[in-house]
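Structure first, then comments.
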Amino acid sequence: MQAALYVCIYNYTPRCRFDVLIMFKCKQISVSVARFLHPATAAALVACFRFMLKHVEELYQHVKVSEEGSDRKEEWQKIQSKLKKQVPLRALSCIQLASKVSSHYKILTPRMVRKLLLDAGYQYSLSGIVSSELRVLKTMNYHVYCNTAHIHIEILLHLIGSAITSLDLAMLYKVALKLLDVAYLKKAELYERLFFLTTNHTVQSRADCENLASVGRDLQLLAVGVTAAATYVTNNRQSDKITEQLEKLLSIRKEDITDMASTLITLISSRAA
């Protein structure tokens, strides 16, 4: 059930601030939302995914119990359509909560959310925006704090910097965050490419979906992959050494780290070509 929902939510879940920018195609939103830097954006991503996973599951179970036959399919199609329309509001609600949890000094207020939505062609009242934030909170049972790949990257860079003092950690950190944004923005494509690289076939069966979901939830793998890719970009001569260091720190095979890093770099290169 969860694997099927995971695939379903891939079509609905905003994965980072850039997803929101593209979705809205609005200059005002790009200026306002882009102010929310890591870790608030990373927390917003995880919160969005957790909320949508739980939200869709609850709606699906409701339809399954209350409807029968053709009525069930018709009702589920209506819910899917409504879910798509609500994604901008839900995404901004998650950014609101993430900015508060991370104590970010620029909190996204309901009035700001309302203006962003109006500029993008969506009309919501202030009470509706507050209700959306409460809906997200209640659906997640008020457990808003999220473990993120960003946190893992910060810890890894601190440990690597202690072991290899010649590294330019400031530059490495900056590049790593950019790569993490790309990984969030192109999450579906990134993991589909990684799946193909490691199995030599596309996602086809339920077992494939479950394996893909499992890998997609591995924040440590994402963090070491992004860190290794950032090292390759900023300091290619020491990339092998740092990859070996990452392998020792987290006991993740060097081959797995290299696969994630090379898949991310290949994805970026293909888009730039």
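The values are calculated or read from the model by the stated rules, or taken from the named source; none is laboratory data. In this text, all values refer to a predicted model and were calculated from it rather than measured experimentally. Positions of Cβ are backbone-derived with ideal geometry, glycine not excepted, and every protein chain shown enters the neighbour counts. Only protein heavy atoms, including side chains, enter the accessible area calculation; ligands, DNA and RNA are left aside. Shrake-Rupley method; radii C 1.70, N 1.55, O 1.52, S 1.80 Å.
To put it simply, the accessible area of the stretch 193-273 at a 1.4 Å probe is 48 percent carbon and sulfur.
The trypsin sites (Lys or Arg not before Pro) of the stretch 105-161 that DSSP puts in a loop, and whose beta carbon has at most 15 other beta carbons within 10 Å, are LYS106. Computed over the stretch 160-273, the P(r) curve from all C-alpha pair distances, binned at 5 Å from the origin, holds 2, 12, 23, 24, 20, 11, 6, 2, 1, 0 percent per bin.
Just flag the chymotrypsin sites (Phe, Trp or Tyr not before Pro) in the stretch 78-150 sitting in loop per DSSP whose Cβ has no more than 14 other Cβ atoms within 10 Å. Sparse-neighbourhood loop chymotrypsin sites (Phe, Trp or Tyr not before Pro): TYR105, TYR142, TYR145. Taking label points 7 Å from Cα along the Cα-to-Cβ direction, SER127 and VAL215 give a separation of 4.9 nm.
Each residue of the stretch 197-210 is assigned a 3J(HN,Hα), and the resulting list reads 4, 8, 10, 6, 7, 7, 6, 10, 9, 4, 4, 4, 4, 5 Hz, derived from the Karplus form 6.51 cos²θ - 1.76 cosθ + 1.60 (θ = phi - 60°), x at Gly and Pro. 3J(HN,Hα) along the stretch 222-238: 4, 5, 5, x, 5, 5, 5, 5, 5, 5, 4, 6, 8, 8, 4, 5, 10 Hz, from the Karplus curve 6.51 cos²θ - 1.76 cosθ + 1.60 with θ = phi - 60°, whole Hz, x for Gly and Pro.
Close amide H contacts of VAL203 (hydrogens built in the peptide plane, cut-off under 5 Å, sequence separation of 5 or more or a different chain): none are found.
Counting Lys +1, Arg +1, Asp -1, Glu -1, what net charge surrounds THR258 among other residues with beta carbon under 12 Å of its beta carbon?
Numbers: positive: ARG253, LYS254; negative: ASP240, GLU244, GLU247, GLU255, ASP256, ASP259.
So the environment of THR258 carries a net charge of -4.
Beyond 24 Å between alpha-carbons counts as too far, so tell me which of LYS84/LYS138; LYS54/LYS254; LYS78/LYS187; LYS54/LYS100; LYS64/LYS85; LYS54/LYS78 fall in that bin. Distance filter (> 24 Å) returns LYS54/LYS254; LYS78/LYS187. The residues of the stretch 119-273 present an accessible area of 53 Å² per residue when probed at 1.4 Å with all protein chains retained.
In this simple spin-label model, placing a label point 7 Å from the Cα along the Cα-to-Cβ direction at both ILE107 and ILE164 gives a separation of 4.1 nm. Count Lys and Arg as plus one, Asp and Glu as minus one, and take only other residues whose Cβ is under 12 Å from that of PHE195; the net charge is then -4.
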